[in-house]
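Here is the structure we will look at.
The values are calculated or read from the model by the stated rules, or taken from the named source; none is laboratory data. Because the structure is predicted, anything quoted here is derived from the model rather than measured. Reconstructed Cβ throughout: ideal geometry from the backbone, glycine too, with neighbour counts over all protein chains shown. Note: accessible area is taken over every heavy atom of the protein model, side chains too, but ligands, DNA and RNA are not part of it. Shrake-Rupley method; radii C 1.70, N 1.55, O 1.52, S 1.80 Å.
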There are 2 protein chains.
Amino acid sequence: MMSLRVALAQINPCVGDLASNLNKIVNAIGQARALGADMVVFPEMVLTGYPPEDLLLKPDFIHAAQEALMRVAAHTVGLTAVVGGVHVEGDLYNGAAVFHNGRLATVYHKHFLPNYGVFDENRYFQSGKENFIFDRDGVLFGVSVCEDIWYADGPPLEQALMDGAQVLINISASPWQMGKSRVRERMFSTRAMDARAYVVYCNLVGGQDELIFDGQSLVCDPFGELLRRGPAFEEAVFVVDLQMQEPFRARLHDPRGRQRGMMEGPSLSRIVLEPVAAVQRRELDFVLVKQEEDPSIAKLYQALVLGTRDYVRKSGFKKVVIGLSGGVDSALTALLAVEALGAENVVGVAMPSRFSSEHSLKDAAGLAVQLAIELLTIPIEGTFQAFLEMLEPVFAGRAFDLAEENLQSRIRGTLLMALSNKFGWLVLTTGNKSEVSVGYSTLYGDSAGGFAVIKDVPKQLVYQLCRYGNAKFGREVIGVSILTKAPSAELRFDQKDSDSLPDYDLLEAILFHYVERSASVEQIIQLGYAEETVRRVIGLVDRNEYKRRQNPPGIKVTSRAFGKDWRLPIVNRYRWGKE
Amino acid sequence: MMSLRVALAQINPCVGDLASNLNKIVNAIGQARALGADMVVFPEMVLTGYPPEDLLLKPDFIHAAQEALMRVAAHTVGLTAVVGGVHVEGDLYNGAAVFHNGRLATVYHKHFLPNYGVFDENRYFQSGKENFIFDRDGVLFGVSVCEDIWYADGPPLEQALMDGAQVLINISASPWQMGKSRVRERMFSTRAMDARAYVVYCNLVGGQDELIFDGQSLVCDPFGELLRRGPAFEEAVFVVDLQMQEPFRARLHDPRGRQRGMMEGPSLSRIVLEPVAAVQRRELDFVLVKQEEDPSIAKLYQALVLGTRDYVRKSGFKKVVIGLSGGVDSALTALLAVEALGAENVVGVAMPSRFSSEHSLKDAAGLAVQLAIELLTIPIEGTFQAFLEMLEPVFAGRAFDLAEENLQSRIRGTLLMALSNKFGWLVLTTGNKSEVSVGYSTLYGDSAGGFAVIKDVPKQLVYQLCRYGNAKFGREVIGVSILTKAPSAELRFDQKDSDSLPDYDLLEAILFHYVERSASVEQIIQLGYAEETVRRVIGLVDRNEYKRRQNPPGIKVTSRAFGKDWRLPIVNRYRWGKE
């Protein structure tokens, strides 16, 4: 076999929906066949969706998932398919099943189980111990699962360096965050070059609770050059032709294999697949792809749109409702919701109080017109007054303070939830990461809702995303007034965010070092930030863990979001070196 | 040395509070010394509190914690102390430091890291690889940490069977749940008998977020008999005399050691501690202790009191506020709060609506009198009316439904939060596990608050706890009317829980199998429950994950609570075999 056509099927399954996921897989095999592929590769755990979390503690789920995986076999007549799913062999494994010509050939078990950041795989899986290659018409393949290829000397490198595998297939469910694609491409190129083998990496697509999987599947050639990249944040089935003289050519020119004794003969077990009739097809053009650009706002925007669409749709909702304050956070949330769901599925609600400025209502109305979404205007003054009267006997003689500020926010939260209950709309909340970090929000108030679209997006990126959206639409969907006014919660007269918080550029810099980098107070001060400010900001982060714990889920886009990758105790008196 | 006196110091540290925890340790060493002890044993991670979670991703925390641990050395002149804390030696380990006569002798690193249920130790620690014994005046000791002794062939058994250790010290942070003490005692007895060695198990005390550590430290003799048990849910420093001829006597009578070749000579490394002056003391009486009784309501009651006290106090609150509906859940929560914090620190609030029955208000008032707590009565009718008017233009023509029901609950939640904000009281919520399981609650309504005292207590146990409380007080603190009326949310006319849910005995049985045992629908039906009921209940559990995710933390008392040991995705379409 001189060339081999591999299809990469980066599809978007739904966690737990075994029947639909199986159906998607079968359809993608059909597409691959139509594209003349010899082989089709799917992502890790594509059959269950990822991560299934504690569904993996249910024996009935595991058995149903394994049974569904085995049903793929019958659809592979005439080709080879690598499909991710759970596999029981005494213990439970994260497996890559290799189907060939209508039958299961073998299952590879993931060796390295990630248990850091958002991952908990040690909670569920046994580590695979066996490694092997398979032989299809004289071409040698290795298969591995995600984390396995992140180790410089992991199973895929063994497959190539010990046993001469020419194609290293890596199936993954690798969550996206800003800057991740660049790191991934760099790593895969290096692995391909080190192994002098093709690397075929197929990644999942879609949003699952707080995670986004971006696709962007890759093929690198044996010199480490990027041959093909799948689209970002979209499903796709695409093919690439691998030239089987290339690994040999690379190995003749690169002495590292001979030094390591690769040519000495096989040491891993080898599975020989039966011959199948050659596929009739036209050769593809050969082009190299440019390396991934720097983290871009466009990608972030796409990720937020996908995350919103998938959470809403996969949860079974059609329409969403958003409180529109006239500020930048709710404007961006509404814009992203319109992109994700269509304007007809987004309802805005303006809920002015005695403290709302005139421009707030005007800006909210202007936004609704620009986005062509329905706007409800419901003043809360009467209800606020009723609450104050109800509380009067208890609050008598006490000054207006945080209690009354939060009351307004909670009336709005309750109002949105009433609309949700009455009409079946999902409430999207609008808090950004800077606010969530320091607890600048009202629990059961503005944080009340089903999904928090921008909870992992720092305030300054919120502005950049708005400007990107305007440029994309070619007009000021989000008006100048919204983008230029000073941020305010408008819960008392003349309130500004800057009354309570440092400027956002300063705040975000400190938060970045503390939240994403786990830097100590001393280290942050040494970077040149004022001690008083650093201590104040970090004190706010530490004290507001209880609020974050009751917040709705939202989309992870940074290296450390307030979700599964942030597990701080609520009761926590650690202050040494801080106060 | 013919007898050795060991002190067990089961103390209650606070996560992160290194200075106070160190201080507690130093005080306990003083008490041990006063009791004539040769050796004092502390729980696992006593210096940091357990679990510190992602504090263990902060280098500054780790260094401060290790430095604090090393400060214990200076306080150990004349005795030996085994103290749990973090230890860095290249990697990060969960360590048991052995201090002797003013110096650090060695640090044992935990081998087996639990990463299931509520545990995530693979996220943080490297596994220890080394095992050793130490020699104090000719007596051989092994040290291990928690999980290590749960393995039948773990490090402690190696210490005894390979190297003849006569005393196996196991330091633990073992969370309590109903029935756990019995399982633990059985296991420790078996280990002692298998090793023909004393087992000295010292466990943490106190509440930390959702977990309760119960103390109940144990000493088993080399025949597996229980020699001493520390108090439950209370701090204590107590001593026991170990007779050094006992392991030898056991080994002469039990041939298993000879079969395994234990007497063949040492194979683990051995650390010899320097001699110190003999301690002057009077011998203790020798008594055997009865095995732990069955899971008892008294223990559960104590656990809930400790959990409430520790969460409230360790979070820095003095007073709590509780909505009193006249029902059994809020009555029990108030009773437990009074036990935990004193009546003067508990405020009840009755918030009648147009749907509240007369007995509700009367029962709430009667309870407040019985408990001698302050009662505020704040009718919500005016505010409810204001909300209905505010929503009238949007809701026009639609029937009264869940939206209006939830509105009342959210008004009450908002009202309690306003009191919390104004007066600095922590809101305790009152939902029980049966309700939480099926989502029979209003998000941001009755579930709004800082801590959910009985969220892991099924409804029928709620009644038992009330009766236990009445018996303990010797009068009907919780009145007959509260205990006998049909449960109702009173959010519409004549509403009863039984309108929406199966009877509680049936509901709880199904929930037990599904939630605690991960049984499938088919299995539960096979146990004899009606299919329609099983499917309805399980459908409710599955659909309400989003609500539970935004609930406040509460005390874990069953084998599987809705907290760290329940990690289901929110977006989850798994229904095969169910619908």
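Put simply, of B:T76, B:T48 the only residue that is at pLDDT 95 or above and within 23 Å of B:S3 (Cα to Cα) is B:T76. For the range B:32-55, filtering for residues that are closer than 19 Å to B:Q126 by Cβ and in contact with a Ser or Thr (Cβ under 8 Å, 6 or more places away or on another chain) leaves 2. Within 14 Å of chain A (Cβ to nearest Cβ), open to solvent by less than 30 Å² (accessible area, probe 1.4 Å) and in contact with a helix residue (DSSP H, G or I) (Cβ under 9 Å, 6 or more places away or on another chain): does that describe B:L407? Yes, satisfied.
Condition (residue is under 19 Å from A:D329 (Cα atoms), part of a loop (DSSP other than H, G, I, E, B) and open to solvent by 20 Å² or more (accessible area, probe 1.4 Å)) applied to the range A:498-513: is it met by at least one residue? Yes, there is a match, as at least one residue in the range A:498-513 is under 19 Å from A:D329 (Cα atoms), part of a loop (DSSP other than H, G, I, E, B) and open to solvent by 20 Å² or more (accessible area, probe 1.4 Å). Of the residues making up the range A:38-46, none is surrounded by fewer than 21 Cβ atoms within 10 Å (Cβ to Cβ) and either free of Cβ contacts under 8 Å to residues at least 24 places away in the same chain or outside any loop (DSSP other than H, G, I, E, B) (or both). For the range B:144-179, enumerate the residues that are without any contact (Cβ under 8 Å) to a residue 24 or more places away in the chain and either hydroxyl-bearing (S, T, Y) or outside any loop (DSSP other than H, G, I, E, B) (or both). Correct list: empty. If you go through the range A:443-478 and pick out every residue that is of a type in the set (G, A, S) and in contact with a Lys or Arg (Cβ under 9 Å, 6 or more places away or on another chain), you end up with 3. Consider the range B:560-579 and keep the residues that are facing chain A (nearest Cβ under 7 Å) and over 21 Å from A:D120 (Cβ atoms). The one that is least open to solvent (accessible area, probe 1.4 Å) is B:G577.
Out of B:S498, B:S437, B:S441, B:S488, I need the residue that is away from every other protein chain (no Cβ under 14 Å), farther than 13 Å from B:G327 by Cα, over 21 Å from the mean Cα position of the chain (by Cα) and among the small types (G, A, S). Which one? Only one candidate passes the filter, namely B:S498. The residues of the range B:258-289 that are at pLDDT below 65 and either open to solvent by less than 50 Å² (accessible area, probe 1.4 Å) or closer than 30 Å to B:N12 by Cα (or both), listed by number, are B:G261, B:M262, B:G265, B:F286, B:V287, B:L288. Put simply, of B:F112, B:F119, B:F141 the only residue that is crowded, with 20+ Cβ neighbours inside 10 Å and aromatic (F, W, Y) is B:F141.
Taking the range B:477-527 as the range and being under 26 Å from A:L57 (Cα atoms) and among the small types (G, A, S) as the test, the residues that pass are B:A509, B:S518, B:A519, B:S520. Look at (1) modelled with pLDDT of 80 or more; (2) touching a Pro at 6+ places or on another chain (Cβ under 9 Å) and you find that A:D310 fails only one, number (2). With respect to the conditions (1) in a helix (DSSP H, G or I); (2) away from every other protein chain (no Cβ under 11 Å), A:K556 lacks only one, and its number is (1). Just one of (1) closer than 30 Å to A:L568 by Cβ; (2) buried (at least 18 other Cβ atoms within 10 Å of the Cβ); (3) within 11 Å of chain A (Cβ to nearest Cβ) fails for B:S520. It is (1). Can you confirm whether the range A:290-298 contains a residue that is modelled with pLDDT of 95 or more and surrounded by 15 or more Cβ atoms within 10 Å (Cβ to Cβ)? No, the range A:290-298 contains no residue that is modelled with pLDDT of 95 or more and surrounded by 15 or more Cβ atoms within 10 Å (Cβ to Cβ).
Starting from residues that are assigned to a helix (DSSP H, G or I), of a type in the set (A, V, I, L, M) and within 14 Å of chain B (Cβ to nearest Cβ), keep the ones in the range A:1-37 and report whichever is least open to solvent (accessible area, probe 1.4 Å). Filtering the range A:1-37 for residues that are assigned to a helix (DSSP H, G or I), of a type in the set (A, V, I, L, M) and within 14 Å of chain B (Cβ to nearest Cβ), the one least open to solvent (accessible area, probe 1.4 Å) comes out as A:L18. Pairing residues of the range A:457-483 that are on the phi > 0 side of the Ramachandran plot with residues that are open to solvent by 80 Å² or more (accessible area, probe 1.4 Å) and at pLDDT below 95, at Cβ distances under 6 Å and at least 6 apart in sequence or on separate chains, gives no pairs at all. Quick check on the range A:226-238. Is at least one of its residues surrounded by 24 or more Cβ atoms within 10 Å (Cβ to Cβ) and part of a strand (DSSP E or B)? No: zero hits. Being away from every other protein chain (no Cβ under 14 Å), farther than 19 Å from A:K496 by Cα and open to solvent by 20 Å² or more (accessible area, probe 1.4 Å) is the requirement here; does A:E344 meet it? Taking the combined requirement at face value, the residue satisfies it. Go through (1) surrounded by fewer than 17 Cβ atoms within 10 Å (Cβ to Cβ); (2) not in a loop (DSSP other than H, G, I, E, B) one by one and return the number of the condition A:G528 breaks. The failed condition is (2).
Scoring A:T429 on the criteria (1) surrounded by fewer than 24 Cβ atoms within 10 Å (Cβ to Cβ); (2) within 14 Å of another protein chain (Cβ to nearest Cβ) leaves a single failure, condition (1).
Hey, any hits in the range A:456-463 for a residue that's open to solvent by less than 40 Å² (accessible area, probe 1.4 Å) and at the interface with chain B (Cβ under 9 Å from one of its Cβ atoms)? Within the range A:456-463, none of the residues are open to solvent by less than 40 Å² (accessible area, probe 1.4 Å) and at the interface with chain B (Cβ under 9 Å from one of its Cβ atoms).
Each residue in the range B:520-546 was checked for being touching a Leu at 6+ places or on another chain (Cβ under 8 Å) and farther than 26 Å from B:T442 by Cα, and 1 pass. Selection of first residues in the range A:531-559 that are in contact (Cβ under 8 Å) with a residue 40 or more places away in the chain and open to solvent by 20 Å² or more (accessible area, probe 1.4 Å) and of second residues that are part of a helix (DSSP H, G or I) and among the acidic types (D, E), restricted to Cβ pairs under 6 Å at least 6 apart or on distinct chains, gives the following pairs, ordered by first then second residue: A:S559/A:E516. In the range A:302-328, the residues that are within 12 Å of another protein chain (Cβ to nearest Cβ) reach residues that are of a type in the set (V, I, T) and outside any loop (DSSP other than H, G, I, E, B) with C-beta atoms within less than 7 angstrom, at least six apart or across chains, in these pairs: A:G307/A:I212; A:V312/A:V320; A:V321/A:V347; A:V321/A:V349; A:V321/A:V427.
Among the residues that make up the range B:60-83, is at least one of them without any contact (Cβ under 8 Å) to a residue 40 or more places away in the chain, in contact with a Ser or Thr (Cβ under 8 Å, 6 or more places away or on another chain) and open to solvent by 10 Å² or more (accessible area, probe 1.4 Å)? Yes, the range B:60-83 contains a residue that is without any contact (Cβ under 8 Å) to a residue 40 or more places away in the chain, in contact with a Ser or Thr (Cβ under 8 Å, 6 or more places away or on another chain) and open to solvent by 10 Å² or more (accessible area, probe 1.4 Å).
Checked against (1) within 31 Å of the chain's Cα centre (by Cα); (2) within 12 Å of chain A (Cβ to nearest Cβ); (3) open to solvent by less than 10 Å² (accessible area, probe 1.4 Å), B:L336 meets all criteria but (2).
Is it fair to say B:V369 is of a type outside the set (F, W, Y), over 28 Å from the mean Cα position of the chain (by Cα), farther than 26 Å from B:F473 by Cα and open to solvent by 30 Å² or more (accessible area, probe 1.4 Å)? Criteria not met by B:V369.
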